Amino acid sequence: MKKKWTPAVAAVLAAGVMFSGEEITFAAQAESMPYNVLASKKENQGQTQQFKSIDKQLDKIEEKLLEYKEKMNKIKEEEKQEESDQTEEVVQPVAPAPTETPAETPAETPASNETVTTSADSVEETETDSDDDSMVEEGTEEEQVEKDLEGQPGYRGKFGALENRLNAVSRQVASLSSKGVDAAAVAERQARIDSLKKDVAAVLASIGQIEKDIQAEIKADKTVKEKALKKGVTLTKSWTIKFSKSLGADTLSTLDLVVMDAAGSLVETTFTYSDKTKTITLTPLQPYQKGVTYTLYIGKGIEGANGVPLKHTVKMDFTTTTTGTTAAASIKAAGFSDVSDRYQEAVQAMVDQGITSGVGNDKFGIDQQIKRVDAAVMLAKALKLETGSAPNAGFKDVPQRAQAAVNALVKAGILSGKTATTFGADQTLTRGELAIVLMRTLKLSGDSTTLAFKDVPARYEAAVKAMVANDITNGKTATVFGTTDPVKRGDFAVFFHRAKNQPAQDLEVVEIS
């Protein structure tokens, strides 16, 4: 039914239209704004966000590239110092990103009635979601680049990751170009990408040459001492390398301590030196990869504080754990399940020399206290004493299995009994007694320095001084040697290994743990 207005109502409505005409007209204009203009504005805002994402990624890539190129420069300078006959070109620093639009740019796509084209810098900076799936989420660009580098312990892998990221950013730029955005802005980003790619390629070539030089040095090294393979190394393992004498800290360089994977790729590491303990701690800056074999090489460039060079270079292969754990892991040495990394080299040496075969059940007995009789048996084997001709020492408490060993040690003046008829076979060996045994066995000597330990009687003083002077042990604390404390089998192995491998004059690698 058609609605009819009364004359009075019609008059009121007519007057309302006359007095408010401008407002009605304005509202109508707002509601009738063309859809293509609104859509174009939203699209431009999305493109701005993509340009911002691209720029952030390129800034981070440039930052990382500069960081690694500086490291390559340092390595190459060290290489020049060690081999002055070679004159290799040092990688140049990263050039600043271009700030001017290249002279040659792709032809601009003509604007249609439904598209508004504008420079990325002139678009209103409004955060708007983009339909482009290749855009990196706002605020995560730097994290994405860092994530690409994770799990890449080798320099070659890191630059490969940067190269892959540049390719991904290049695809983002190509996607924007296909949408007809400002051609000059697109060309500027692409030129920057191309420049960074050239830098990456140049540094990769430089790294390749450095790696070849190191591999050639290792292959040609006739004085290298190869350490036993270490298995099951944790992915963040820091190596502690102990030397027989103080080092010239200012002579240490990156090329003196290198880790390489099976493909010969140089692993990024850092090191610190402690003159107090005469040790270098070598740490990877990224976790090793699971189940991979690496080579640790300690080179000939290392010198002592007195300028004497390292007598023997050292090479040691190690394989990483396949579990991916970064917690302390038990490392099997010679099949023992209770031998951790700290004891591995010493225990392996004792097994290799036939000194001990453990306590059974795949155990070495690292934490078990060692009895005097068991220590006697191991010492006699280690020293290769003639056990068949020694006279009977007269001890009544020594079991048949150990009598020949004890007799030989008594004859050599290394051990004595508790009494004329008692050896104390089942008593535990103390740290003080072990100090005396090692001093007598290996003819070690100390110095006249007053000991800081408060628990060392005069009987043990010379032996304890010899232990400290020869870097076999520094005691339990600064003031406690633990003279009367029982010795554990693991400590016995480590002390004996350090003492036996202590050189008299030469600079040597004493231990790697």
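Taken together, the values in this text are just the output of simple stated rules run on the coordinates, not laboratory data. Fair warning: this is a prediction, and the values are worked out from it, not measured in the lab. Positions of Cβ are backbone-derived with ideal geometry, glycine not excepted, and every protein chain shown enters the neighbour counts.
Figures for the structure shown
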item	result
Ranked list, fewest to most other Cβ atoms within 10 Å of each Cβ, for ASP182, ASP455	ASP455, ASP182
THR269 long-range amide H proximity, modeled H, under 5 Å	LEU285
Vicinal HN-Hα couplings computed from phi for the range 363-377 (Karplus, 6.51 cos²θ - 1.76 cosθ + 1.60; Hz; Gly/Pro x)	10, 8, x, 3, 9, 7, 5, 9, 7, 4, 5, 5, 5, 5, 4
Amide H contacts under 5 Å for LEU507, placed H, 5+ residues apart	LYS311
FRET efficiency, 1/(1 + (r/R0)^6) with R0 56 Å, evaluated for LYS198 and THR450 via beta carbons	0.30
Kirkwood Rh, angstrom, the range 362-503 [1 / mean 1/r, Cα pairs]	15.5 Å
Under Karplus coefficients 6.51, -1.76 and 1.60, residue-wise ³J(HN,Hα) of the range 244-256 in Hz, glycine/proline x	6, 9, 5, 9, x, 4, 6, 9, 6, 9, 4, 6, 7
Cut-off under 5 Å, modelled amide H: who pairs with GLY304 long-range	GLY248, LEU310
Relative packing of peptides 441-449, 289-297, 489-497 - highest average C-beta neighbours within 10 Å first	489-497, 289-297, 441-449
Peptide ranges 375-383, 202-210 listed from the most packed, as the mean C-beta count within 10 angstrom indicates	375-383, 202-210
Assigned charges on the beta-carbon of Lys, Arg, Asp, Glu; the range 362-503 dipole about Cα centre (debye)	220 debye
Nitroxide proxy distance, nm - points 7 Å out along Cα→Cβ at GLU150 and SER416	6.4 nm
Sites THR479 and ASP352, calculated FRET efficiency, Cβ-Cβ separation with R0 45 Å, nearest 0.05	0.75
Residue list for the range 427-459, given a label point 7 angstrom along the Cα-to-Cβ vector of LYS363 and an amide N cut-off under 19 Å	427-429
ALA216-GLU77 FRET efficiency (beta carbon distance; Förster radius 22 Å; 0.05 resolution)	0.70
